[in-house]
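One structure is given below, represented as structure tokens, and several questions about it will come after.
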Amino acid sequence: MNEREQHLRDLRAKLNQYSYQYYVEDNPSVPDSEYDRLMNELIAIETEHPELVTPDSPTQRVGGEPLKGFEKVTHEIPMLSLGDVFNEAELLDFDRRVRQAVGEEVAYVCELKIDGLAISLTYEAGAFVLGATRGDGTTGENITNNLRTVRTLPLTLPNGETVEVRGECYMPKRSFDALNKARQEKGEPLFANPRNAAAGSLRQLDPKVTAHRRLSVFLYSAGRFDREKITSHWELLQYIRKLGLPVNPESRRCTSMHEVFDYIKEYTEKRDQLSYGIDGIVVKVDSMAQQAALGNTVKSPKWMIAYKFPAEEVVSTLEAIEISV
Ligand SMILES: NC(=O)c1cc2c(=O)c3cc(F)ccc3oc2nc1N
């Protein structure tokens, strides 16, 4: 390997390390400007020596010309949405309905409800080939080029699987604060919250704009997968993690509603320390057989429920002034 190739390898390694510090550790060791400087240097060298480009180089994320619009994508397996409950009594009703329907004890998996945008990712022979929004559940929008810019979304799977996975694309609080600070300095309208900012960033026609929004993803489900090998949701999460895809580390298997309530209490308290926004807790029946027995309504699975946190009483300054007058 010659000196130039070694320099490229060092640049890629540094950029990947900075991404890991930013997105996984929520503790960047360099400012965004230093990341962008190194990325521009890597783009310049690879442009001059295209034969040295590698498929997993961070520069391969920001490709494609701005689109005129988004192609439609049909979800073979519909992407359903979550039913909501707003208090513990309603959560107990859900548990009672589930246990009556399956006629046996039930274990649950609790997950943080990431406040982002539902997406579907398709990998063919280990290569990321298609990314889409949920849309109306049956028809979504092809946002592949924009999702390629999401640094925590692997462009290749180490073992070359063909799989469709589903998850949430979100904007970390750090990215949201930096984005609104930059917009304030330019006198541009601010985003109201990270969810709106993520949605706006994914619906950009120009991937270069999306790349600067520093989005991230957590995966939590799959489209088609081998139901012989994977008999529980907990195993599905481990399988998705083994593929090399980011899975939220806070999920927990609970064998009683008592443990579910403990989990909800724990993460209601921890919510503000998380590096991303959550708007509730998702409670899923763990057994795939019990999920199948419960089935779906036309809109949502009956084996899953979202416990929503009470809306935060954010009294804006203006409201405060009105109240004080
Ligand atoms: N926002 C979320 O963090 C989150 C969302 C969903 C879903 O929307 C969802 C929709 C389905 F049809 C099936 C499973 C799901 O699991 C989910 N799990 C999560 N953790």
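Taking 7 Å along the Cα-to-C-beta vector as the label spot, tell me the D93-V129 distance in nanometres, rounded to one decimal.
4.5 nm
In what sequence do E3, E90 fall when counting other Cβ within 10 Å, fewest first? All intermediate terms of the calculation are to be shown ahead of the outcome.
Details: E3 7, E90 14.
In increasing order of surrounding Cβ atoms, one gets E3, E90.
Kindly identify the chain as rounded, prolate or oblate by the Cα gyration tensor criterion: order the square roots of the eigenvalues as a ≥ b ≥ c, call it rounded if a/c is under 1.5, otherwise compare a/b with b/c, prolate if a/b is larger, else oblate.
On the way: a/c = 1.96, a/b = 1.34, b/c = 1.46.
Oblate.
A follow-up question, please. Would you mind ranking K242, K68 so that the residue whose beta carbon has the fewest other beta carbons within 10 Å leads the list?
Values: K242 13, K68 6.
Placing the least packed residue first, the sequence is K68, K242.
With no solvent and one point per C-alpha, what does the Debye sum give as log10 I(q)/I(0) for region 161-218 at q = 0.17, 0.22, 0.23, 0.26 Å⁻¹?
The Cα Debye sum returns log10 ratios of -0.56, -0.86, -0.92, -1.11.
Okay, next question. May I ask for the angle, rounded to the nearest 10°, between helix 3-23 and the longest principal axis of the chain, with both axes built from Cα atoms and the value confined to 0 to 90°?
So the helix axis and the longest Cα principal axis differ by about 30 degrees.
Right, something else. I'd like the FRET efficiency for K270 and R4, computed as 1/(1 + (r/R0)^6) with the beta carbon distance as r and R0 of 56 Å, rounded to 0.05.
FRET efficiency, K270 to R4: 0.75.
Convert each backbone phi in region 196-211 into a coupling constant with the Karplus relation 6.51 cos²θ - 1.76 cosθ + 1.60 (shift: θ = phi - 60°), then list the ³J(HN,Hα) values in order as whole Hz, x for Gly and Pro.
5, 5, 5, 4, x, 6, 6, 9, 6, 7, 10, x, 5, 5, 4, 4
Here's another thing I want to ask about it. Amide H of A127 versus every other amide H placed in the peptide plane: which residues, excluding those fewer than 5 positions away on the same chain, fall under 5 Å?
So A127 has HN proximity to L157.
Which entries in K208/K242; K72/K173; K14/K173 show an alpha-carbon gap greater than 26 Å?
Details: K208/K242 30 Å; K72/K173 30 Å; K14/K173 23 Å.
Too far apart for the 26 Å limit: K208/K242; K72/K173.
How far, in nm, would the chain grow between I43 and K181 when pulled straight, counting 0.36 nm per residue and subtracting the alpha carbon separation?
Working: separation 138, 0.36 × 138 = 49.68 nm, distance 2.68 nm.
Contour length minus Cα-Cα distance gives 47.0 nm.
Please list, ordered by chain and number, the residues whose modelled amide H lies under 5 Å from the amide H of Y276; skip anything fewer than 5 residues away on the same chain.
Under 5 Å from the amide H of Y276: K173.
Can you give me the three principal axis dimensions of region 80-233 from its C-alpha atoms, in Å, biggest first?
Taking the Cα atoms of region 80-233, the three principal extents are 59, 42, 26 Å.
Something else now. Sort M39, M304 by Cβ crowding within 10 Å, fewest neighbours at the top.
Values: M39 18, M304 23.
So the ranking, lowest neighbour count to highest, is M39, M304.
Okay, moving on. Per the helix-only calculation at 222 nm, which mean residue ellipticity applies to the chain, given -39500 (n - 2.57) for every DSSP H run of n ≥ 4 and division by its residues, nearest 500 deg cm²/dmol? Kindly include the intermediate steps, with their values, before the conclusion.
Working: 11 runs with 124 residues, N = 325.
That calculation yields -11500 deg cm²/dmol at 222 nm.
Would you work out if region 169-274 is rounded, prolate or oblate? Take a ≥ b ≥ c from the square roots of the eigenvalues of the alpha-carbon gyration tensor; rounded if a/c is under 1.5, else prolate when a/b is larger than b/c, oblate otherwise. Please list the in-between numbers first.
Details: a/c = 3.51, a/b = 1.62, b/c = 2.16.
Oblate.
Values quoted throughout were computed directly from the atomic coordinates according to the rules given, and no laboratory measurement underlies them. Note that the structure is predicted; figures quoted are calculated from it, not measured. So basically every Cβ, Gly included, is an ideal-geometry build from the backbone, and we count neighbours across all protein chains shown.
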